[in-house]
């Protein structure tokens, strides 16, 4: 009896979850629905609240009548969780989240014919594998950039040239050890940073891609992270907390986003950033449409807006990222300039190892350690295992 | 035998303990007036009142505050209703399962908030209930019941059972008895329970994060500002105001229960 | 004369309410049923139903790639709790809860003792409010205050520098395990804040237990030749113990489930509450979050059972 | 017509038979006492009359009316509670006027009636006070006024004098008796004090184990107990066991004899050893051991007193040895 009941409950739940989501793409854009909800990284959707100069929402709302609400997510895992939970239209997903959402049927294909500015998108991004599966597009490129090494200019007389300052104990130019004064990202994807470092310093491991690691390569990366745990007093998972820690906790070096560097510099904190010799991991974010989006028309309007407006230009200044529309660097519709784009890494596209989800059946190796092991093992590393 | 005068060591220990409890809160008051915007610099480089004006003009603060007040008010009313009924049943009659009922009432507060929170969230997701103000209220009312219940049970126990019999003996039916005898006698206990429930709901954050969806109550707003500071001085001001606002019902509850043996904070 | 008046009373009472009242009098179990129905329905459906939903979720598992839940009965999720990393989280949390409880009891006892035995008149009110105010002050504000105090650039550093005692702090921070770069990123910091936030919950039950000890009992002990210390050890403390246990239910349970304090002040090592929060909210792994949430339920189940045997519920 | 009639009334609480097949008739205008040790069922009987309890079996009639389905607020009876049950949130006048307010009387009218009732219990002028400001005796009188102001046909009193000290109790006994005569209302009162029952009541019912053991006038109860329990409980008679009585009178039944009726003599039917003496003022109480039975005698002050350890003979008038039923 009890068994039957549980089975009944379970099957009704399953039925409910299967019933959701059709995969047909839209064929035309209708009237806006008056609302639009977006899951985004911190600093990605600004309406002038932090700095009145950076506002690319108000104009959109005025033009389309679609009122934008933003839910900030701090990690890719959180984005996937929010989209699985539902109730959102768009998500600015990085490559380590996008494929998982496509596989989970949480996002729907995009009809690029409905986005007039699609042609302006950087050719290197148009068919990028993190949003294009079997030739079907599941999103519109938003912004990309590197994970830079942020450092305190008082602790470092010269810009560090290697990620070693966050992985290995050294004495900095202010005469003190880096122990306790460096941070690392509180997300399993940080294992790739370790793998990237090893790729450079231990070539005999044979790492070809920091997201595709065999068991041995993976173990080596974890060992490096365990060594890093001795140096890190607290991991950062939120841009603003990291900003706080650099101000109030005496942090001097960490993997970071240009966004934090910009904000800290704006507050006259003595920091700078660099892409060290090992190269960097990075993110290439795609605006993806939820399979059950309640406001698809507004969503399409936004995807056009994000490509055609000053958003690409201003956001790339604000966040320190590279626009997906190269012309945004030069056409003067926003604040960005060619120099700015170059500084943010426009030319380094090929050196950046963009975030993607590690899977067991990987291309470069026979069998790789899948993402869920990254998740649990990284919790273990932070916990001291 | 212990003398009537406290030993010096005890005095020191008690005073140190109380200082430990109070200094951090007083600190927040000082920070609300600081001119320093960016860091935690201490002592404050200067004092200003400007942040009160800035806070006053922040719509998000007002929205969060009004949501908090709304949630706390409705939750309190529900909790007062349920808690009083439950207290009346448990204290008036002995029935099978009485212990179970009191355990059921206490459970939402005896188990960690994170358990209550995620349990409610799972239930909402299984039952396909979208997040709204009402899902917050559902959670808050659930753990506020025990506060009202505790206060009401204590009062019912102290109230002689023969009062109700006397009223019925004098011709009043159950509803007249309720109106003329029971309610006037438990009124202060209910008001106190209600005030404490309001204060508890107003300050709750752990369960709320799981049941709130995209809405922000004031504590959620505070939490958001703690981890994602935008204008730290505004947070300082709100923090001070929140402390002062929660103090009002607590002081009220204290003055109403003064001279009785009830301890107002029990069961928070 | 008497009769007419009385029948007057009777005839006036025949409204709907009066009839309902008659029915309820005739069937007291109906009255009890009606009284209990709303609260039991509310708590039974909303709360127990939710706990059941939670339990149900913990027997599911998650597809690790898509993050979607597999609605098939499995114990795999519970097995995951016993991986070293996860088991560490449980141990760490229980240990912290135990330390917090002990420290809270030690700090709370003198305050409760003074308030119960020596505070008279106005001082009694002062003590009472002195305990209630911090208890009811906003939880987040309290944590926020400690962040201001414990940060490396915070007040404590400033104060110690003023006293030329910062070498003491540095020496402490260089200790393994409890130390760290600053107090706000150390285990010690987490511990201090836990004690601060939950300690008031310990004072009230101890005070209540101590107030119930009649003075004559202490006098009897003195009369029988016990020195104050002996009276404390053999009479007062055993009688206060149920109060301590009652208070410890709060400190222990609240520490077990908290996820905000270690997130704001601590070493990034997870506690159970954070694991629940992160697996649920960030990783979307609701089954594992549910399994983690079952851990404090089980621990508190044993704890409450033990506390009941010690008579702590009477002191609540 | 009888004021209150019990016909095989029972009230069980689970396995406990608080009232077990009680039949009883209380006459109109009677001052009726229910006497018994605690737990004997007397209070439950009172609560059955008031309507706070419902019988498990049997019929209860008040002035001929079946009341089994009648809630307390529809019965023409009022109660004076043991703890007085004065409403703490109302002043004395509003307490007394409560029943009239519920009955729908106007404020002026009911306050006037309340003040009159307070006069009657000699508390005129206390109307504005709160119950907590009164002494025990005053509260008792307020409770009385509150019940009487409704002009009940039966007044129930639950240990009405139990909480008062000795002197006040004696005074209130007189007052209650006077009020009852003056108003002519049926009074039913419950007590465990046999002196109170005997001195105030027209008739007394002795309860034990949920049953009525004996009903009768105080003299009957006192001098002619039916069973040893009554003899022992009411006024501590000497109870002689059946086998002893059989030897003395030839009838194998227990018998009671009051201590003041036992005399010392040179020779007598019973020889006893003195085991204790205590001086009581007017009399001296002497305890004896006689053939395995403990006996007590009250000797007048002028009678010769034996010494402890003496063996004496006991005698009595034949009438004074009251034969009882065997059993409870």
What is the Rg over Rh value, at two decimals, for the range D:49-131, using alpha-carbon atoms and the Kirkwood definition of Rh? 1.06
Based on the alpha-carbon gyration tensor of the range A:211-293 and its eigenvalue square roots a ≥ b ≥ c, which shape applies: rounded if a/c is under 1.5, prolate if not and a/b is larger than b/c, or oblate? oblate
Just the ratio, please: alpha-carbon radius of gyration of the range D:239-323 over 2.2 N^0.38 Å, N its number of residues. 1.05
Relative to the longest principal Cα axis of chain B, at what angle does helix B:8-31 sit, 0 to 90 degrees, rounded to 10? 60 degrees
Per the Kirkwood treatment, what hydrodynamic radius in Å, one decimal, follows for the range A:97-189 from the mean inverse distance over all distinct Cα pairs? 17.0 Å
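Divide by every residue of chain A the summed helix terms, -39500 (n - 2.57) for each DSSP H run of at least 4, and state the resulting mean residue ellipticity at 222 nm, rounded to the nearest 500 deg cm²/dmol. The partial results should precede the final answer.
On the way: 14 runs with 139 residues, N = 385.
Calculated at 222 nm, the ellipticity per residue is -10500 deg cm²/dmol.
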More than 12 Å apart - percent of Cα-Cα pairs taken over the range A:22-64: 72 percent
Where a ≥ b ≥ c are root eigenvalues of the Cα gyration tensor, a/c under 1.5 meaning rounded, otherwise prolate if a/b exceeds b/c and oblate otherwise, chain A counts as oblate
With Kirkwood's inverse mean 1/r over C-alpha pairs for Rh, give me the Rg to Rh ratio of the range A:238-385, two decimals please. 1.02
On the first, second and third principal axes, largest extent first, how far apart are the outermost C-alpha atoms of chain C in Å? 95, 69, 37
Report the calculated FRET efficiency for residue D:65 and residue D:243 (r = Cβ-Cβ distance, R0 = 35 Å), to the nearest 0.05. 0.10
Stokes-Einstein translational diffusion, the range B:38-77 - Kirkwood Rh over all Cα pairs, 1.567 mPa s, 4 °C, in µm²/s: 102 µm²/s
Computed on Cα atoms, the radius of gyration and Dmax of the range C:73-117 in angstrom are 18.1, 57
Once Rh is set to the Kirkwood radius over Cα pairs, what Stokes-Einstein translational diffusion coefficient, in µm²/s, holds for the range C:96-147 at a temperature of 20 °C and a viscosity of 1.002 mPa s? 170 µm²/s
Quick one: compute a quarter of the convex hull surface over the Cα atoms of chain D and quote it in nm². 19.9 nm²
Most fluctuating residue given options D:152, D:300, D:72, as computed from a GNM of chain D linking Cα atoms under 10 Å: D:300
Listed residues A:187, A:95, A:206; largest mean-square fluctuation, Gaussian network over chain A with Cα springs below 10 Å, found at A:206
Using Cα springs under 10 Å in a Gaussian network model of chain B, which residue among B:178, B:19, B:190 shows the largest mean-square fluctuation? B:19
Send over the Kirkwood Rh of the range D:1-90, from the inverse of the averaged 1/r over different Cα pairs, rounded to one decimal Å. 13.8 Å
In terms of the Cα gyration tensor, with a ≥ b ≥ c the square roots of its eigenvalues, is the range C:82-179 rounded because a/c is under 1.5, prolate because a/b exceeds b/c, or oblate? oblate
So for the pair residue D:1, residue B:22, with labels modelled 7 Å out along Cα→Cβ, what separation do we get in nm? 7.2 nm
Calculate I(q)/I(0) for the range B:144-195 by the Debye formula, one identical point scatterer on each C-alpha and no solvent, and give its log10 at q = 0.12, 0.24, 0.30 Å⁻¹ to two decimals. -0.28, -0.86, -1.07
For the range C:13-70, average projected area of the Cα convex hull in nm²: 6.1 nm²
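Can you pull the Rg over Rh of the range D:143-265, Cα-only, Kirkwood?
1.08
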Can you give the log10 of the normalised intensity I(q)/I(0) at q = 0.17, 0.27 Å⁻¹, computed with Debye over equal Cα scatterers of the range D:1-50? -0.52, -1.15
Radius of gyration and Dmax for the protein assembly as shown's Cα atoms, expressed in Å? 41.1, 142
Estimated [θ] at 222 nm from DSSP helical runs (n ≥ 4, -39500 (n - 2.57)) normalised by residues in chain C, nearest 500: -22000 deg cm²/dmol
Principal axis extents for the range B:58-257, Cα atoms only, whole Å, descending order, please. 65, 40, 24
Find how much the distance from residue C:230 to residue C:120 grows on full extension, using 0.36 nm per residue of separation minus their present alpha carbon separation; answer in nm with one decimal. 37.1 nm
Take every Cα-Cα distance within the range D:185-252, group them into 5 Å bins from 0 onward, and report for each bin the whole-number percent of pairs it holds. 4, 16, 25, 22, 14, 9, 6, 2, 1, 0
Ranking A:55, D:232, D:165, A:314 by Cβ neighbours within 10 Å, fewest first, what do you get? D:165, D:232, A:55, A:314
Cα-based convex hull volume of the range D:169-220 per residue, rounded to whole Å³: 80 Å³
Can you work out the base-10 log of I(q)/I(0) for the range D:106-213 at q = 0.11, 0.14, 0.15 1/Å, using the Debye formula on its C-alpha atoms alone? -0.39, -0.61, -0.69
What's the exposure ranking of A:47, D:110, going from fewest to most Cβ atoms within 10 Å? A:47, D:110
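Where does each of B:224, A:78, A:363 land when they are ranked from fewest to most other beta-carbon atoms within 10 angstrom?
A:363, B:224, A:78
Just so you know, all these numbers are worked out from the coordinates, no wet-lab data involved. Since the model is a prediction, treat every value here as computed from it, not as a measurement. So basically every Cβ, Gly included, is an ideal-geometry build from the backbone, and we count neighbours across all protein chains shown.
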